[in-house]
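Below is one structure, written out as structure tokens; the observations come after it.
The values are calculated or read from the model by the stated rules, or taken from the named source; none is laboratory data. Being a predicted model, the structure only gives us computed values, none of them experimental. FYI the Cβ positions are ideal-geometry reconstructions off the backbone, even for glycines, and counts take in every protein chain you see. Note: accessible area is taken over every heavy atom of the protein model, side chains too, but ligands, DNA and RNA are not part of it. Shrake-Rupley method; radii C 1.70, N 1.55, O 1.52, S 1.80 Å.
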Amino acid sequence: MSLLKAEGLGIQFGGLKAVDEFNFEMNQNQLYGLIGPNGAGKTTVFNLLTGVYKPTSGQIIFNGKSLLKMTPTQITQLGIARTFQNIRLFKKMSVIDNVKVGLHHSQNYSLLSSILHLPSYFKGEEAMHEMAMSLLRVFDLEKYADVKAGNLPYGKQRKLEIARALATSPKLLLLDEPAAGMNPIETEELMETIKIVREKFSIAILLIEHDMKLVMGICEKIAVLNFGTVLAFGTPDEIKNNPDVIAAYLGNEE
Amino acid sequence: MKKKQIKDLIISFIAALVIYGLIMFLMSAGVVDYYWSGILIMACINVILATSLNLASGYLGQLTLGHAGFMSVGAYTSALCSLYLHLPFLLSLLIGAIAACLIGILIGIPTLRLKGDYLCIITLAFNEIIRVIMLNLSITNGAKGLMGFQAMNIDFSVYFISAVITIYVIYCVVKSRHGRAIISICEDETASELSGIPTSYYKILAFAISAFFAGVAGGLYAQYMGMLVPSTFDYNKSVEILVMVVLGGLGNLKGSIIAAIVMTILPEYLRAFADYRMLLYAVVLIAAMIIKEKNLGPRIKSKFFKNKTVEVDD
Ligand SMILES: Nc1ncnc2c1ncn2[C@@H]1O[C@H](COP(=O)(O)OP(=O)(O)OP(=O)(O)O)[C@@H](O)[C@H]1O
Ligand SMILES: [Mg+2]
């Protein structure tokens, strides 16, 4: 059984079909890429998969369950986590608290036990702290634990967003242009981190990226989106040599 | 982390105890007379109102103008419990708070979908509806006022301890995973949902806790005044509480406490300006909205306080 399956997925904004007849399938622990020209509908696909937008047609099956009637909260709890193209951290909260929000469901001490400062409260908070710190360590962010998230440099904010997403212990991680705004060295680092994350947490990753070197370098398979539909799907080599893909990219450059 | 938190708590409790001891001493020595002890009681009530509203408006980020409505529900419910059911004061107080809390949940479920101006208007309307209901019910004695429910031997300690408990509970809520969920909703609701936070639940929870303590404040107010008239709990009172929260800083518990105390005591010195008070409140609120909207806060802060890092509010 596949982990994620989208069938004939589509959404319309007014007259614009942002995504149309989107078919896609992914299995556990795979690392796929989603590319396409600007405005192709990549971010919209993520918004559909995470319940931010409700599709006007089609079906999404995740882990055997239909996501159509679920809220974004429920979908996240089911195991899809994501980052955003335009970073959306909790800016005024500390770095570690951002991760702890993601870890919310990892502990279940009640409100009453925190008011009465019962042992379960301290135990839960301690465990959460440990988990958050070890997640921050994966991204070399542990020294910034108490810094306000909004005060982090751009590249580190992107990493923190991934850490917060991982905190929800997802089965599928959606990364929306994780390397945007990073310099080549940072991008290189990020590639390594993504590989490590996938192995360490044994999760599937789907990433949107404009940096072709990164996508071609780490993705097993790539889907190319154009005008909301899948134009091509295959290994990086197949995609590189696909005439349709080349035409779509070149045609879009004027 | 655990040690530091316990240390902070102990220090805060010792500070509260010292303040309490000092006030009690000054009262027994006659330095604080009957008139001023009344003002101190009102300060405690306002601290409860401001800190509880801060949970909904500061931490959760939902600006509401109905806090006096919840206060009114608490005040009338507890007064009626004392008057007709002859329940002991603390039990009446608790029932009043629970009633306010339930009304809070009832109002919260349909309205917390709304944001900004809309929520302000709806809660303002709720405030007025409650006032009109209290005015027209026969059991509340309408505009003539409700009397004869006051309990004996309730002194300053009860008000002070209630204020301390309120602050403590709100602090605990904020410092828990529940509090982080509430703050994350204020920061970015979509990101919060997509981090797995059940946002509707936490909005209503924060609103309910906020209303509960408004109910406590109402019950205490009823006990202190000994007479209730619906016009006390009109939107002017709601505006006054919101101004305390805004002046003290949204999401700043210490700020709310200080603002509530200052705004209780200061008017006593500025009697001559009493007529202009609402005007001043309006100006403060408008200024606060502009500063928040344009995000001028950090810039103003760094201009006036030349510290290198902007302090993290707690
Ligand atoms: N909420 C919305 N309302 C109306 N139109 C929208 C909305 N969201 C997206 N669109 C439109 O849908 C199309 C696809 O947008 P989307 O953001 O998914 O593109 P993208 O592939 O992520 O592009 P980019 O590479 O620039 O991020 C665009 O034409 C966009 O204007
Ligand atoms: Mg995009």
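Of the residues making up the range A:101-145, just one is in contact (Cβ under 8 Å) with a residue 60 or more places away in the chain and in contact with a strand residue (DSSP E or B) (Cβ under 9 Å, 6 or more places away or on another chain), namely A:Gly102. Within the range A:33-53, the set of residues being within 14 Å of chain B (Cβ to nearest Cβ), under 24 Å from A:Ile239 (Cα atoms) and more than 9 Å from ligand 1 (Cβ to nearest atom) comprises A:Leu49 only.
Among the residues of the range B:247-263, none qualifies, meaning not one is within 16 Å of B:Asn54 (Cβ to Cβ), part of a helix (DSSP H, G or I), within 14 Å of another protein chain (Cβ to nearest Cβ) and without any contact (Cβ under 8 Å) to a residue 40 or more places away in the chain. Name the residue that is nearest to ligand 2 (Cβ to nearest atom), counting only residues in the range A:80-91 that are buried (at least 18 other Cβ atoms within 10 Å of the Cβ) and farther than 21 Å from B:Ser200 by Cβ. It comes out as A:Phe84.
Here B:Gly30, B:Gly61 are screened, and the one residue that is out of contact with any Lys or Arg (no Cβ under 6 Å at 6 or more places or on another chain), surrounded by 16 or more Cβ atoms within 10 Å (Cβ to Cβ) and not in a helix (DSSP H, G or I) is B:Gly61. Answer yes if at least one residue in the range A:162-181 is open to solvent by 30 Å² or more (accessible area, probe 1.4 Å), within 16 Å of ligand 1 (Cβ to nearest atom) and either closer than 19 Å to A:Thr44 by Cα or not in a helix (DSSP H, G or I) (or both), and no otherwise. Within the range A:162-181, one or more residues are open to solvent by 30 Å² or more (accessible area, probe 1.4 Å), within 16 Å of ligand 1 (Cβ to nearest atom) and either closer than 19 Å to A:Thr44 by Cα or not in a helix (DSSP H, G or I) (or both).
Residues in the range A:97-114 that are of a type in the set (A, V, I, L, M), open to solvent by less than 30 Å² (accessible area, probe 1.4 Å) and either assigned to a helix (DSSP H, G or I) or more than 9 Å from every other protein chain (Cβ to nearest Cβ) (or both): A:Val99, A:Val101. Looking only at the range B:184-200, residues that are out of contact with any Phe, Trp or Tyr (no Cβ under 9 Å at 6 or more places or on another chain) and either farther than 21 Å from B:Ile107 by Cβ or more than 9 Å from chain A (Cβ to nearest Cβ) (or both) come to 4 in all.
Kindly indicate whether any position in the range A:118-126 is open to solvent by less than 30 Å² (accessible area, probe 1.4 Å), farther than 28 Å from A:Asn47 by Cβ and more than 10 Å from chain B (Cβ to nearest Cβ). No, the range A:118-126 has no match at all. Taking each residue of the range B:154-183 that is more than 9 Å from chain A (Cβ to nearest Cβ) and looking for partners that are buried (at least 19 other Cβ atoms within 10 Å of the Cβ) and part of a loop (DSSP other than H, G, I, E, B) with beta-carbon atoms closer than 8 Å, six or more apart or interchain, yields B:Ile182/B:Leu60.
Can you pull out the residues in the range B:253-280 that are modelled with pLDDT under 80 and under 18 Å from the mean Cα position of the chain (by Cα)? Once the filter is applied, which keeps residues that are modelled with pLDDT under 80 and under 18 Å from the mean Cα position of the chain (by Cα), the range B:253-280 yields nothing.
If the condition is being outside any helix (DSSP H, G or I) and either surrounded by fewer than 16 Cβ atoms within 10 Å (Cβ to Cβ) or within 16 Å of ligand 1 (Cβ to nearest atom) (or both), then the range A:183-211 contributes A:Asn183, A:Ser202, A:Leu206, A:Leu207, A:Ile208, A:Glu209, A:His210, A:Asp211. Within the range A:46-60, the set of residues being open to solvent by 50 Å² or more (accessible area, probe 1.4 Å), outside any strand (DSSP E or B) and away from ligand 2 (no atom under 16 Å from the Cβ) comprises A:Lys54, A:Thr56.
Among the residues making up the range B:209-225, those that are open to solvent by less than 10 Å² (accessible area, probe 1.4 Å) and within 25 Å of B:Arg180 (Cα to Cα) are B:Ser210, B:Ala211, B:Ala214, B:Gly215. If you check A:Val197, A:Val245, A:Val215 for being under 16 Å from A:Gln30 (Cα atoms), more than 14 Å from chain B (Cβ to nearest Cβ) and away from ligand 2 (no atom under 16 Å from the Cβ), only one passes: A:Val197.
Being open to solvent by 20 Å² or more (accessible area, probe 1.4 Å), more than 14 Å from chain A (Cβ to nearest Cβ), free of Cβ contacts under 8 Å to residues at least 40 places away in the same chain and among the hydrophobic types (A, V, I, L, M, F, W, C) holds for only one residue in B:Ile105, B:Ile98, B:Ile139, B:Ile133, and it is B:Ile133.
Screening the candidates A:Pro184, A:Pro153, A:Pro170, A:Pro178 for the property of being of a type outside the set (Lys, Arg) and at pLDDT 95 or above yields one hit, A:Pro170. I'd like the full set of residues that are within 11 Å of chain B (Cβ to nearest Cβ), buried (at least 18 other Cβ atoms within 10 Å of the Cβ) and of a type in the set (D, E, K, R), limited to the range A:136-161. Matches in the range A:136-161: A:Lys148, A:Glu161. Taking the conditions exactly as written (open to solvent by less than 60 Å² (accessible area, probe 1.4 Å) and within 16 Å of ligand 2 (Cβ to nearest atom)), does A:Ile11 satisfy them or not? Yes: the conditions hold for A:Ile11.
Conditions tested, residue by residue: (1) within 14 Å of chain B (Cβ to nearest Cβ); (2) within 23 Å of A:Val224 (Cβ to Cβ); (3) in contact (Cβ under 8 Å) with a residue 40 or more places away in the chain.
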residue	(1), (2), (3)
A:Pro55	no, yes, yes
A:Gly64	no, no, yes
A:Leu67	yes, no, no
A:Met70	yes, no, no
A:Gln77	yes, no, yes
A:Ile87	yes, no, yes
A:Val95	yes, no, yes
